[in-house]
Amino acid sequence: MRQNVFHQALRTQVLTASGIESISLENCRDISIQIFNKDKNYLSQKTLQKFFGLIPQSADPSPFLLDSMAGFIGKISWDQFQKEFNGYRISGISVTSLD
């Protein structure tokens with residue numbers, strides 16, 4: 001459950017950083033290009049579509065995906081992103097611990 005809250009917070013911040021208000025299948029391509037241009041990390045359009053819940057996802061997001069998206073919004077890593085939000089309120093949900 002808590003991971004889903006962090007994933008949703010990351011999704012929201014990636015949308016904000018990319019200037020996209022509402023995610024669609026098509027604008028996952030734009031996000032992919034923006035992430036590559038900024039950090040030289042390649043995330044496919046299909047990978048992003050899965051992460052944003054637009055198409056079915058059979059596995060948890062990879063560490064590379066999470067680190068790349070965290071880097072895109074200015075964090076060092078996924079771990080840093082989670083630590084910074086630990087104890088803060090995200091969209092009205094209190095997150096107190098990852099354990």
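The values are calculated or read from the model by the stated rules, or taken from the named source; none is laboratory data. The structure presented is a predicted model; accordingly, all values stated were derived computationally and were not measured. Don't worry about glycine lacking a Cβ; one is built from the backbone with ideal geometry, like all the others, and counts go over all protein chains shown.
Just a yes or no: is a residue in the stretch 20-31 in contact (Cβ under 8 Å) with a residue 24 or more places away in the chain and loosely packed, with under 13 Cβ neighbours inside 10 Å? For the stretch 20-31, residues in contact (Cβ under 8 Å) with a residue 24 or more places away in the chain and loosely packed, with under 13 Cβ neighbours inside 10 Å: present. Among the criteria (1) modelled with pLDDT of 95 or more; (2) surrounded by 15 or more Cβ atoms within 10 Å (Cβ to Cβ), the one K46 does not fulfil is (2).
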